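K.L.:
I'd like to ask you about the structure that follows.
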Amino acid sequence: MEQLYVRHVELLGFEKRDFPSQHYVYMLMVKWSDLSEKLIYRTYPEIHTFHKSLKEMFPIESGQIEKKDRIIPSLPAPRWVDTQKSTETRQTTLNDYCQSLINLPPHISRCKHLTSFFKVRPEDENPPAPNTVRRNETFVVSRELARGVASEISSPIILDTYRVIADFAKTSKNELNVHTDDLVEIVEKNQNGWWFCQCESKRGWVPASYLEPLDKPEEGEDAEPNYEGEMYITIRAYMAEQEDEISLEMGETIDVIHKLLDGWWVVRKGEETGYFPSMFLQKGGKREKNDTERKNLQGQKPPPRRSTIRNAKSIHSRSRQSLSQDAYRRNSRRYLQEKGRRTGTPGRAGPHRNSRNSAKSPLRERKNEENIPEMSGSSSESELKKDAPVIPPRPSPELILERCTDNTRKKVSIHKSRPSSDS
């Protein structure tokens, strides 16, 4: 009986899975010499491990002896952390690799190691999916493009399901009417807070603030605060409507310290922080695009915030956790002060303390913890104190010993006892 071998491999797309942990698998349609077709799932690290072992089996053909003899195609190493974007952009490379692999001479393309890698495994026929509420997200490509008819692989079709927490009535023809408890599929998540959704046979834009994941109240893709800040420029003025928002004029330079998926980012202007519509911001250093961006904003409005939605009904027992503006300001100030101490420069945390400030007692510092500038005879010194936050004094050695660990305290006591024993 003739040995079974792979005659064609077709990349169909990839799938995001959340069990046992979040990862991505590629969907490969394998066509065998007996005319059968089998669908298999492989992660990119698995494929790369196979690639390395194949090179070890055929050192001449992999160019390990002479580079000019290499016929085995190359494959980039996997990243430390796989994201949807990296998995998507890698499809073209992986598709070309599979095609080149099958076209290699028979002693490689029909070897036992290659055929065993592409054979169907039990997990291929029954993919793990213990969570019946949140289904796997599938990203598919057209069969014509996968066969190499076109030069690029098309954009993915995202099947990520969210629940609507309140009724939303559209105000333009591009938006979508949704009602409480509707389940919508997300086609695109725009960073301005408007998400393109599909509900049954209808499609349109819906504010992200009206949507929630099915399995948890927090949005898993929300970034953590970055108190270093990213420089942005306002391309449209906005007047704050709530206490935790910030008013800015057009053309102001600010730092973005927290990017949220609902389109309302936390920005920092000097010592002040607040929510600001991300659609009115332009990345710093792209001033030439500001005029175009401003034209595109004509008639557009920021999405509503979650706090403004009436009769919002979440299926989760606890609501989303969010930081207050006081917490943002406090953490931002602490970060900048620590950065100034590490680098030895005052930075935005304020100038170094002078001898007068360093002589302050802890009680005096505590009384001034609200950073209220003190009055002095010199107006310039008063202005300096307004910009410089209060820096606490260095603790005494006794206080350090009181608060340190037992291990550190023991080492200090041993170090102190040595001079006396030597004498």
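The values are calculated or read from the model by the stated rules, or taken from the named source; none is laboratory data. Just so it is clear, the structure is predicted and the values come from calculations on it, not from any experiment. Quick reminder, even Gly has a Cβ in these numbers, built from the backbone with ideal geometry, and neighbours come from all protein chains shown. Quick note on the areas: whole protein, heavy atoms, side chains included, nothing else; ligands and nucleic acids left out. Shrake-Rupley method; radii C 1.70, N 1.55, O 1.52, S 1.80 Å.
K.L.:
Could you give the length gained on full extension between E230 and H113, defined as 0.36 nm per residue of separation minus the Cα-Cα distance, in nm?
P.N.:
Once the chain is fully extended between E230 and H113, it gains 37.2 nm.
K.L.:
In terms of the Cα gyration tensor, with a ≥ b ≥ c the square roots of its eigenvalues, is the stretch 160-213 rounded because a/c is under 1.5, prolate because a/b exceeds b/c, or oblate?
P.N.:
It is rounded, given that a/c, with a ≥ b ≥ c, falls under 1.5.
K.L.:
Taking only protein heavy atoms and a 1.4 Å probe, what accessible area per residue, in Å², does the stretch 160-213 have with all protein chains in place?
P.N.:
Normalised by residue count, the accessible surface of the stretch 160-213 is 46 Å².
K.L.:
Now, a different point. What distance in nm separates the simple spin-label points at E272 and V120, each placed 7 Å from Cα in the Cβ direction?
P.N.:
6.6
K.L.:
Between A223 and E2, what FRET efficiency follows from the Cβ-Cβ distance if R0 is 51 Å, with the result rounded to 0.05?
P.N.:
Efficiency computed from Cβ-Cβ geometry: 0.40.
K.L.:
Something else about it: Computing the accessible area with a 1.4 Å probe over protein heavy atoms, can you report the carbon and sulfur percentage for the stretch 160-213?
P.N.:
Roughly 44 percent, rounded to a whole number.
K.L.:
Further question: What does a probe at A77 reach in the stretch 1-45, counting residues whose amide N is under 18 Å from the point 7 Å along Cα→Cβ?
P.N.:
44-45
K.L.:
Sticking with this structure for a sec: Heavy-atom accessible area of I414 with all protein chains present, probe 1.4 Å, nearest 10 Å²?
P.N.:
80
K.L.:
Can you give the extra length, in nm with one decimal, that the chain gains between D215 and T93 once fully stretched, where that is 0.36 nm per residue apart less the Cα-Cα distance?
P.N.:
40.5 nm
K.L.:
Once R0 is set to 30 Å, what does the formula 1/(1 + (r/R0)^6) return for the Cβ-Cβ distance between M29 and K68, expressed as a FRET efficiency to the nearest 0.05?
P.N.:
The calculated FRET efficiency here is 0.30.
K.L.:
Once the Cβ-Cβ distance between T253 and E398 is put in as r, and R0 is 51 Å, what FRET efficiency do you end up with, to the nearest 0.05?
P.N.:
About 0.65, to the nearest 0.05.
K.L.:
Right, here's the next one. How would M29, M250 rank on accessible area, largest to smallest, probe 1.4 Å?
P.N.:
Result, largest first: M250, M29.
K.L.:
Ok, one more. Would you tell me the accessible area of E2, worked out with a 1.4 angstrom probe on the heavy atoms of the protein chains, in Å² to the nearest 10?
P.N.:
Surface open to solvent at E2 totals about 140 Å².
K.L.:
How much of Y5 can a 1.4 Å solvent probe reach, expressed as accessible area in Å² and rounded to 10?
P.N.:
The accessible area comes out at roughly 50 Å².
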